[in-house]
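Okay, here's the structure, questions in a sec.
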Amino acid sequence: MDVIQPRGGTWKLAHGRELVLGETAAIMGILNATPDSFSDGGRYASVEAAVAESLRMVEQGAAIVDIGGESTRPGATPVDAAEEQRRIMPVIEELVRRSDCLVSVDTYRSETARAAVLAGAHIINDVHGAQRDPAIATVAAETGAGLCLMHTGRGREKLADVVEDQFLFLRRSLEIARSAGVAEAAIVLDPGFGFEKDGPENLVLLARLPEVMALGFPLLVGTSRKRFVRGAIGRQDPEPDIASAATSVLLRERGADIIRVHNVPANRDALAIADAMRRALKGERW
């Protein structure tokens, strides 16, 4: 059976932390400290609610909590850096105080990234792949933060082939990161499911994910509750978590190391089956 081995390795993070990748899928739990995110906007707008949900996800098996203060859904109202930081900084500070979990800041702004890492965050997750604010790569280099560079098709002309466009965009992101001095071991890549990709493009990218591994870095993926998942099952369920977990398994089989999700237990259990199958194919027992 053709199951792709994840890139694996050790992801070097800020504050002397690291995350070992490979044998077990690492789960990144999504925490939207926003009023207008497409799935759970407003649900965790208070600091108390956001921290409680973050701790719950960690208890359920998330290795990382990814905290964002600006919705990235199409048509979302932009916020400035001050508002973004007003939403997320108290959450990061309180979570770091109460837990030793890995904390990621979901931002494309270098000033927000720096403030978050100084407050205790370990990872910078940039949905613009350091191409909207290249100084974010300098922040990662100077602080030792892990840096996730995500592909997006927004605001530019894409290549017709979905994987060739990955190479075009992410190679530029890697150039920016390397020029800023970001360590190779601090970088992971995200193919950016849903970001200016239609349903068939997302499904083709999912099927062809092993080709993206040719870039040479671990892959972080996020398909949870996205529009193409709803389209594939033919229903507009607000939280299609069973279908999302199915995509997580398919992505894990195709080499993804880190899976970004809303529903941690559903994906944890589905990914446990995928990893058990991988071990069985290697002749291991549990």
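Where a number appears in this text, it was derived from the coordinates with a stated rule and is not lab data. Keep in mind that what you see is a predicted model, and the values were worked out from it rather than measured. With ideal geometry, Cβ positions are generated from the backbone for all residues, glycine too; neighbour counts draw on all protein chains shown.
Compute the separation of the alpha-carbon centres of segment 72-105 and segment 168-247 and state it in Å as a whole number.
The distance from the Cα centre of segment 72-105 to that of segment 168-247 comes to 22 Å.
Separate question: Check Leu147: other-chain or 5+ apart residues with amide H under 5 Å from its amide H, H built from backbone geometry?
When sequence neighbours closer than 5 places are left aside, the close amide H contacts are Ile124, Ile187, Val188.
Bin width 10 Å, origin at 0, all Cα-Cα pairs of the chain: what percent of pairs per bin?
Each 10 Å bin holds this share of Cα pairs: 7, 31, 40, 20, 3, 0.
With both bridge residues required to lie in the chain, what share of the DSSP beta bridges run antiparallel, to the nearest 5%?
10 percent
Tell me the mean residue ellipticity at 222 nm calculated for the chain from its helices only (DSSP H runs of n ≥ 4, each -39500 (n - 2.57), averaged over every residue, nearest 500).
Numbers: 10 runs with 120 residues, N = 286.
Calculated from helices alone, the mean residue ellipticity at 222 nm is -13000 deg cm²/dmol.
Between Glu175 and Glu83, what is the label-point separation in nm under the 7 Å Cα-to-beta-carbon projection?
Each label point lies 7 Å from its Cα, and together they span 3.4 nm.
If you wrap segment 212-286's Cα atoms in a convex hull and average its projection over all directions, what's the area in nm²? Display every interim value, and only then the final one.
On the way: hull surface 22.8 nm².
Answer in nm², one decimal: 5.7.
Run the simple label-point estimate for Glu23 and Ala49 please: 7 Å along Cα→C-beta, distance reported in nm.
Going from the Glu23 label point to the Ala49 one covers 4.0 nm.
Can you tell me which of 243-255, 18-30 comes out highest on packing, and rank the rest after it, using the mean Cβ neighbours within 10 Å?
On the way: 243-255: 22.2, 18-30: 20.2.
Ranking, from highest mean packing down: 243-255, 18-30.
Taking Lys197 as the anchor, which aspartates and glutamates have their alpha carbon closer than 16 Å to its alpha carbon, excluding any fewer than eight residues away along the same chain?
Here the aspartates and glutamates satisfying the reach criterion relative to Lys197 are Glu157, Asp161, Glu164, Asp165.
Relative to the present Cα-Cα distance, how much length would full extension add between Gln236 and Gln60 at 0.36 nm per residue of separation?
Details: separation 176, 0.36 × 176 = 63.36 nm, distance 2.65 nm.
Working it through step by step, the gained length comes to 60.7 nm.
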